[in-house]
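K.L.:
For reference, the structure I am asking about is given below.
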Amino acid sequence: VLSFIIFICYIASLAASFMMAPLLEFLLALFLFFAYASKLNEKFKGVYWPLADFLRCVTAAIIYFAISIAAVSKYNDGASKAAGVFGFIATIVYAIDFYITFNDLVTFLKQGSSDSPEEHKSE
């Protein structure tokens, strides 16, 4: 929802060149939401879903931080400033999601390493 609000703010602002990043992030988040909701993560075991979500969070936080600094410092209209402020909020939200997803990813990778052949040799 936050990505969609930022996208709308960038469309209404002079910084319309930044509108692609929130749009892509919104669509990617929507795809991952529907993938988890429709249990695609259980059907396609070859894709490391926690890693995909982790990378999405990291890149989104970095990109939102960068375009928010540019929007707030370079453009003077209200919509650009609002998009920049919402971008900083999105950076914080994605950083929190990054931390939570990182813990899930570590748990996921530890589960995968518990089935390693080295442990079966020692038993």
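Nothing in this text is a laboratory measurement; each read-out follows from the coordinates by a stated rule. Keep in mind the model is a prediction, meaning the values are calculated, not measured. Cβ placement follows ideal geometry from the backbone for every residue including glycine, while neighbour counts extend to all protein chains displayed.
K.L.:
Explain nothing, just compute: Karplus ³J(HN,Hα) = 6.51 cos²θ - 1.76 cosθ + 1.60, θ = phi - 60°, for every residue of region 67-76 in order, whole Hz, x for Gly and Pro.
P.N.:
Result, rounded to whole Hz: 6, 5, 4, 5, 5, 6, 7, 9, 10, 10.
K.L.:
Still on this structure: Scaled to the compact-protein estimate 2.2 N^0.38 Å, what is the alpha-carbon radius of gyration of region 4-108, rounded to two decimal places? Write down the numbers at each step before the final one.
P.N.:
On the way: Rg = 15.2 Å, N = 105, 2.2 N^0.38 = 12.9 Å.
Here the answer is 1.18, to two decimals.
K.L.:
Below 8 Å, C-alpha to C-alpha, sequence gap of six or more: please give me the relative contact order for the chain in percent. Before the final figure, lay out the partial values.
P.N.:
Working: 108 pairs, mean separation 37.3, N = 123.
Across the chain, relative contact order equals 30 percent.
K.L.:
Moving on to the next point. Name the residue from Ala71, Asn103, Val47 whose Cα lies farthest towards the positive end of the charge dipole of the chain, charges +1 on Cβ of Lys and Arg and -1 on Cβ of Asp and Glu.
P.N.:
Going by the charge dipole, the pick is Ala71.
K.L.:
Still on this structure, please answer the following. Beyond 17 Å, what percent of the Cα pairs of region 52-116 remain?
P.N.:
Roughly 50 percent, once rounded to a whole number.
K.L.:
Give me the dipole magnitude in Debye, nearest 20, for the chain about the Cα centre, with unit charges on the beta carbon: positive for Lys and Arg, negative for Asp and Glu. Each step should come with its number before you reach the end.
P.N.:
Values: 8 positive and 10 negative charges, 77 e Å.
Value, rounded to 20: 380 debye.
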